[in-house]
1. Which percent of Cα pairs goes in each bin when the distances of the range 70-202 are cut into 10 angstrom slices starting at zero?
2. Taking N as the number of residues in the range 1-53, what is its alpha-carbon radius of gyration divided by 2.2 N^0.38 Å?
3. Which FRET efficiency value, to the nearest 0.05, do you get for Ala195 and Asn4 by plugging their Cβ-Cβ distance into 1/(1 + (r/R0)^6) with R0 = 45 Å?
4. Using the Cα centre of the range 220-292 as origin and beta-carbon charges of +1 (Lys, Arg) and -1 (Asp, Glu), tell me which of Gln246, Leu258, Trp275 is placed farthest towards the positive end of the dipole.
5. Rg over Rh of the range 171-292, using C-alpha atoms and the Kirkwood radius, what does it come to?
6. Neighbour counts of other C-beta atoms within 10 Å: give me His132, His37 arranged from fewest to most.
7. What ranking, highest mean first, results for peptides 149-162, 268-281 when packing means the other Cβ atoms within 10 Å averaged over each residue?
8. So if I place +1 on the C-beta of Lys and Arg and -1 on the C-beta of Asp and Glu, and nothing else carries charge, what would the dipole magnitude of the chain be about its Cα centre? I want it in debye, nearest 20.
Amino acid sequence: MSENKKRIVKSAVIQMANKVPTEASCEDHRKGMLDAHIPLIEEAGKKGVQILCFQEVFTGPYFCPSQDSKWYGLAERIPEGPTTQKMMEMAKKHKMVIIVPIYEEEMPGVYYNTAAVIDADGTYLGKYRKNHIPQVAGFWEKFFFKPGNTNYPVFKTKYATVGVYICYDRHFPDGARCLGLSGAEIVFNPSATVAGLSEYLWKLEQPAHAVANGYYIAAINRVGTEAPWNIGEFYGQSYFCNPRGQIIAEASRDKDELLVAELDMDMIKEVRDLWQFYRDRRPETYTQLTNL
């Protein structure tokens, strides 16, 4: 009798520098960044990528060092807006699940940092809204984003069950555990993070989430510097991490890149059968987490 075939999911992320002068209109930013991503999406399709994710608010610069209401113009509806609609076309064309992190307008004056999830047949499955919103020098996100109200959904796509955690979320282990409890097999973390303390944490926190929860992590960062704010270098180094906490594929520090990895989904069961963290949890002893 032949052995059972391994379940392999080919996944990819795209990291990219901003392509449009900051003084350009929001519409020019959206068009410029979409145009820059299309060739890499097509390349992913040719390589047989099954699940693809972009960086945080990928249709523009990371505008949060400012407190300029101009950038409200970059927000769009989900799924009715042009970016989600275009990605639904691309997903269907390539039979590819696409995770689309954009600036979302729920209604005039109410905006979220959001990722839409599109299945391989082009169907819009739902969205995750970033829950943890920082407000520190250079990252004035509360000016732009309302805290998320979607909890921690997972999405049963054609190829795997995926969850999304956005940038600053990654500093909080609680949501990462919620995603695992809900059945996530791969968690995507689209980010915009610059050199400094975060660079050390970049390869510490998320592999720890992968180990604690027995799933794959895909961590996506942008590259380059963005004038006029110049808050630091977006250091790239997007990566995939397996449930053992090992980084199995890593992108460059400073180049636009499509990073592809083959994920052995059977490893999730192997790791969870060995490290019985879900069995040995004691949630009845954790009430302090919600009482303080």
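Quick note: the coordinates plus some simple rules give every number you see, no bench work behind them. In this text, all values refer to a predicted model and were calculated from it rather than measured experimentally. Here the Cβ positions follow ideal geometry from the backbone for every residue, glycine too, while neighbour counts run over all protein chains shown.
1. Calculated P(r), rounded to whole percents: 12, 41, 35, 12, 0.
2. Normalised Rg, Cα atoms only: 1.72.
3. With R0 = 45 Å, the Cβ-Cβ based efficiency is 0.50.
4. Of Gln246, Leu258, Trp275, it is Trp275.
5. 1.03
6. Working: His132 18, His37 25.
By the 10 Å Cβ count, ascending: His132, His37.
7. Numbers: 149-162: 18.4, 268-281: 13.0.
Those peptides, ordered most packed to least, come out 149-162, 268-281.
8. Result for the chain is approximately 720 debye, rounded to the nearest 20.
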